[in-house]
Amino acid sequence: MGENPFPFSDDNRRYHAYSYALKHRYGGRVARVPLDGGFTCPNRDGTKGAGGCAFCSGRGSGDQIPDGLTGLAAQYAAGIETLKKWPDARYIPYFQSFSGTYAPVSRLRALYDGALALPGAVGLAVATRADCVTEEIAGLLAEYAARTDLTVELGLQTARDDTNAALNRCETFAEFSAGFARLKARGIPVWVHLINGLPGETRADMVDSARTVAALGADGVKLHALHVLRGTPLAAHPPVFQTMEDYVQTVCDQLEVLPPRTVIGRLTGDGPADALVGPDWTRRKRAVLNAIDRELARRNSWQGRKWTENG
Ligand code: SF4
């Protein structure tokens with residue numbers, strides 16, 4: 001299988017892991033701490049849709065945040081408690097739940113400033129929908145990008161409008177692209193989320209979505225398998241799940257078409273274990289990551305091997 005030829009790695013990984021990027025930027029342990037800023041989203045409050053995306057748990061992706069903790073400081077302390085294995089770590093407060101830019105600018109300022117004032121905070125991450133990035137919000141985010149290590153994460157899930165429409169995402173690719181462009185025009189680092197195994201999609205569709213994200217110039221990508229969670233609309237009629245083998249092949253194909261510099265924020269997700277309808281293999285996160293490493297080595301391939309500047 002030979003030496004690892006991938007430049008952004010100092011272990012056996014053949015992709016640009018976020019942990020590698022953080023280590024080389026900060027020279028020590030840095031971890032994200034998920035926070036719930038009390039946001040909602042336009043796909044839940046009736047502005048664009050109601051009931052939310054078909055895969056979304058009622059917590060808007062904030063399932064890792066302990067229940068019942070309302071203040072940022074309390075959530076942050078609880079999050080750090082789970083990272084005790086790294087006593088000298090620094091942290092990036094991460095507004096993960098719902099749409100982290102969906103509020104008046106004055107409230108966003110108060111939340112972001114509050115997060116940056118938390119002890120040990122060295123940056124800020126904000127997850128949101130691209131259609132919640134107006135010119136005014138992009139201007140605000142540019143201010144934070146100038147003063148700290150800011151990353152904005154946008155959910156896309158798939159570049160196919162028909163799949164997103166069937167999932168009640170209530171956002172077209174054109175709307176996504178407009179919000180993405182507003183951020184990039186101001187030099188703000190943007191990551192994009194994709195979900196593999198959405199109903200009706202082939203592996204070719206999923207690789208096409210990765211290619212689209214590469215062409216847009218995303219600074220980072222998060223990939224994960226569709227998790228069907230109890231209580232979500234998808235749980236009523238779960239789709240045929242991807243097998244772990246198919247998922248691993250898909251992710252390796254996607255990594256091959258992403259530029260080497262793109263940071264890989266995630267290659268497998270963790271939904272709440274007690275609410276998971278399937279696929280069951282997603283519980284074995286370490287096994288999935290190891291299988292991806294093995295498959296890239298077997299192919300003697302790496303992130304960006306099939307990427308070219310012109311697509
Ligand atoms: S996934 Fe995001 S956009 Fe969709 S309903 Fe949940 S919080 Fe709203």
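The values are calculated or read from the model by the stated rules, or taken from the named source; none is laboratory data. These numbers were taken from a predicted model, which means no experiment stands behind them. Virtual Cβ from ideal backbone geometry, glycine too; neighbours counted across all protein chains shown.
General remarks:
- Members of region 61-83 found to be of a type in the set (Asp, Glu) and at pLDDT 85 or above, listed by number: GLU81
- Test: residue in region 21-29 that is surrounded by 15 or more Cβ atoms within 10 Å (Cβ to Cβ) and modelled with pLDDT under 95: yes
- Inspection of region 38-60 finds a residue satisfying the criterion of being crowded, with 20+ Cβ neighbours inside 10 Å, within 16 Å of the ligand (Cβ to nearest atom), within 21 Å of the chain's Cα centre (by Cα) and modelled with pLDDT under 90.
- Pick from region 83-125, criterion within 22 Å of the chain's Cα centre (by Cα) and β-branched (Val, Ile, Thr), ranking: farthest from the ligand (Cβ to nearest atom): VAL122
- Of the residues making up region 153-205, those that are within 15 Å of the ligand (Cβ to nearest atom), acidic (Asp, Glu) and surrounded by 20 or more Cβ atoms within 10 Å (Cβ to Cβ) are GLU153, GLU171.
- Taken over region 72-101, the criterion of being in a helix (DSSP H, G or I) and under 22 Å from TYR144 (Cβ atoms) is satisfied by LEU72, ALA73, GLN75, TYR76, GLY79, ILE80.
- Contacts under 6 angstrom Cβ, first residue in region 208-220 being assigned to a helix (DSSP H, G or I), partner polar (S, T, N, Q), 6 or more apart: SER209/THR158; ALA210/GLN254
- Only one of the numbered conditions (1) surrounded by fewer than 18 Cβ atoms within 10 Å (Cβ to Cβ); (2) without any contact (Cβ under 8 Å) to a residue 40 or more places away in the chain; (3) under 21 Å from GLY265 (Cα atoms) is violated by TRP86, and that is (2).
- Annotation: ALA181 fulfils all but one of (1) part of a helix (DSSP H, G or I); (2) farther than 24 Å from ALA218 by Cβ; the unmet one is (2).
- Any hit, region 254-269, residues being free of Cβ contacts under 8 Å to residues at least 40 places away in the same chain, in contact with a Leu (Cβ under 7 Å, 6 or more places away or on another chain) and in a helix (DSSP H, G or I): no
- Within region 126-152, considering residues that are more than 15 Å from the ligand (Cβ to nearest atom) and of a type in the set (S, T, N, Q), the one surrounded by the fewest Cβ atoms within 10 Å (Cβ to Cβ): THR134
- Among the numbered conditions (1) farther than 22 Å from PRO34 by Cβ; (2) modelled with pLDDT of 95 or more; (3) hydrophobic (A, V, I, L, M, F, W, C), the only one that ALA236 does not meet is (2).
- The residues of region 16-48 that are part of a strand (DSSP E or B) and basic (Lys, Arg) amount to a single one, ARG32.
- Every test in (1) within 18 Å of the chain's Cα centre (by Cα); (2) away from the ligand (no atom under 11 Å from the Cβ) is passed by ILE80 save one, and that test is (1).
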